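Data first, discussion second: the structure below is written as structure tokens.
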């Protein structure tokens, strides 16, 4: 019986030890939780700030780029194969600068054939013009001859008739009638010759107009082909910065293909990405300060995109002053939008977990700075670095700004130095 009791006591002892240790840990936790000085934090690990009273500018920050207000695509006016590309993205170009050179052997051959055909047609028209002039001249000579014959016949008839009247029929009647008939025949011949000349002039005019039309068509076809030849050398139409090159050597492109995009350097806007939770305070025409990392430029909000993409909203900014020399498309920038100007408010540097217009907690330092106590507060409007305090703190209070996650379960901490 004594042996049995000894064994049972030996089994119970470890459980008692473990239970005692657990009790000590739990008691220690509660002592730390309820002892004002039970949780110690080194001052070197804390970021602190002072509560102030005064005017406060509420700003919303966003990153972004400079972008062209309007970008121009340079397109091809002809099919071709890219022979060379003369520019790269970021290159500054002026009107007339060569962007790329294309080749089109079929177009070159067609142009040469049109030149030959045009030359042949011009020679043909020149020969036809000579023939028409000769025919017209011959017709005029025929009229002159017909007029002479008519005048000669009429003169003979007039003389015969006059003699016949004076000498009472001394001229034989047959001779008189023959003279009269000859006069009438030459008159009609003259009339028909003149009509023939008029018709010849009309026909020659119509033929010339038709030949001129065919010649003009060939000239237009050649002019268009030569324009297309010139279009094989693609040039910039305005000054700007090349943003995109959409071609490479050896690539076959078609008429209307977009080769490159050009943006004017003096017509840029800022495109900022503002967090979705802050966009509610942003409005059109609010003042904006853009930082190019070299200069600061003032502007105003001109557009707020209705879409939310990856948790941000795009805000467009028009500049209200000249751009600095370093301004160019796609330049990385930072922007601060002034959304409000609060007068005579309580505010502080923004603690880590502070959210605008919501209740929260902060740890307020004691007067000697050796401890801090948890204080409920109500936050007002806030910017990236500062936030208004609606209740819970007064000016000159000092608070902890850094994360309190590791001691948020206690109401007070000790600060060691």
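No lab work stands behind these numbers, since they all come straight from the coordinates. Since the structure is predicted, the reported quantities are computational estimates derived from the model, not experimental observations. Glycine also receives a Cβ, built like all others from the backbone with ideal geometry; neighbour counts cover every protein chain displayed.
Overview of values
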read-out	value
Full-stretch length increase - residue 342, residue 42 - with 0.36 nm per residue and alpha-carbon distance subtracted	104.5 nm
0 to 90° range, to nearest 10: angle between helix 105-166 axis and the chain longest Cα axis	30
Alpha carbon centroid spacing (whole Å) that separates the range 205-259 from the range 383-402	69
Cα-projected label distance for residue 326 with residue 305, points at 7 Å along beta-carbon direction, nm	2.5
DSSP beta bridges in the chain [antiparallel fraction, %, rounded to 5]	95
Helix 2-34 axis, angle to the chain major axis (alpha carbon atoms, nearest 10°)	60
Matching label, Rg/Rh (Cα atoms, Kirkwood Rh) computed from the structure shown, candidates (1) 1.57; (2) 0.99; (3) 0.97	(1)
FRET efficiency, residue 120 to residue 177 (Cβ-Cβ, R0 51 Å, nearest 0.05)	0.30
Between 0 and 90°, nearest 10: helix 173-231 axis offset from the chain longest Cα axis	20
Rg followed by Dmax, in Å, when the range 106-229 is reduced to its Cα trace	26.9, 91
Fully extended contour minus Cα-Cα distance, from residue 215 to residue 141, at 0.36 nm per residue	23.5 nm
Backbone N under 16 Å from the residue 92 label point (7 Å along Cα→Cβ), restricted to the range 318-341	323-331
Within the range 227-243, backbone nitrogen closer than 17 Å to the virtual label 7 Å beyond the Cα of residue 294 toward Cβ	241-242
Expected 222 nm ellipticity per residue - DSSP helices of 4 or more, -39500 (n - 2.57), all of the chain, to 500	-14000 deg cm²/dmol
Spin-label pair residue 57/residue 152, simplified geometry with 7 Å Cα→Cβ offset, distance in nm	11.3
